[in-house]
Amino acid sequence: MDLTDRQFERYARHLILDEIGEGGQAKLLAARVLVIGAGGLGSPVLLYLAAAGVGTLGIVDDDTVDRSNLQRQIVHGEDRIGDSKVESAVDALAGVNAETRVVPHHMRLVAANALGLIDGYDLVVDGSDNFATRYLLNDACYFAHKPLVAASLLRFEGQMSTFKAYGGAGPCYRCLFRDPPPPDLVPRCEQAGILGSVAGVMGTLQATETIKEILGLGDSLSGRLLIYDALAASMRAIKLKRDPDCPLCGAHPSIRDLSSHK
Ligand code: ZN
């Protein structure tokens, strides 16, 4: 695929990087990324991936924009309160890069639609805010053989990793935490609070790891958990091990489809 004059101009700062160049930019333009959630994480993910020239961005979200979202969900403006988040994001991204094809999926990700949705994309970014979706995505991406770039937020801290356990290399999310915690023990953004810019840091890191996965650049975050502590102003990565007894990706799996998800 040859780049147009406009594309040469637009992506000049990518093209000058030996690690990206015209070949890398062409890969980005051909890439299809599914982003789950157009919220605190999804906003920077979508904005940076559209700006970078990712060719197709799918957005899954069934929610509407609430005034309390605007402190961190920077893809939405005050004039979109009450509107569907996917529609608000589609309009915002059209202003960022008219070349990016943005596909709105105004629905909740559930077991019945997960594999069908994921099938149309090369990579999945988890910007969801709940354990049910996190586990469903982990299992669905494992079965679909799609890389999953996942992050989570709590107060002043963020964590992220990339999961590609289907390749037999790194662990999956269940290798770390086998089952979801009981719902009443889980603090969510609305109860625990979150510094908005921490969502920005983690979403921007997700966008960066997504681009690295598409281009095969540098070291994958597969097999490591990156932890950002804003109050300590520190970032560290801890090694993650594959669990040979993992119910999903272990030697004798008990999870063979998505039927355990509601
Ligand atoms: Zn596993």
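Things worth noting here:
- Prolate/oblate/rounded call for segment 133-262, Cα gyration tensor, a/c under 1.5 rounded: oblate
- Maximal additional length on extending the Leu185-Glu22 stretch stands at 53.8 nm, based on 0.36 nm per residue less the C-alpha distance.
- Ranked list, fewest to most other Cβ atoms within 10 Å of each Cβ, for Leu3, Leu221, Leu41: Leu3, Leu221, Leu41
- Each label point was placed 7 Å from the Cα along the Cα-to-Cβ direction; for Asn113 and His252 their separation is 3.8 nm.
- Of Ile214, Ile227, the sequence from fewest to most neighbouring Cβ atoms within 10 angstrom is Ile227, Ile214.
- Cα pair count fraction exceeding 22 Å, expressed as % - segment 13-239: 49
- Rounded if a/c under 1.5, otherwise prolate or oblate - segment 202-262, Cα gyration tensor axes: prolate
- Proximal aspartates and glutamates to Lys212, defined as alpha-carbon separation beneath 12 angstrom and excluding residues fewer than eight positions away on the same chain: Glu19
- Helix screen, the chain: DSSP H segments with Cα axial length of 20 Å or more and mean Kyte-Doolittle hydropathy at least 0.5 are 196-215.
- GluC sites (Glu not before Pro) lying in DSSP loop within segment 23-103, provided at most 16 other Cβ fall within 10 Å: Glu99
- Prolate/oblate/rounded label for segment 106-162 (Cα gyration tensor, a/c 1.5): prolate
- Cβ-Cβ FRET estimate between Lys241 and Phe143, R0 fixed at 30 Å, reported to 0.05: 0.90
- If a spin label sat at a point 7 angstrom from the Cα of Ala232 along the line to its beta carbon, the backbone N atoms of segment 150-186 nearer than 18 Å would be those of 152-161.
- Antiparallel beta bridges, as assigned by DSSP with both residues in segment 13-239, represent about 50 percent of the total such bridges.
Just so you know, all these numbers are worked out from the coordinates, no wet-lab data involved. Everything numeric here is computed off the predicted structure, so don't read it as measured data. Note that each Cβ is placed from the backbone with ideal geometry, even for glycine, and that neighbours are counted across all protein chains shown.
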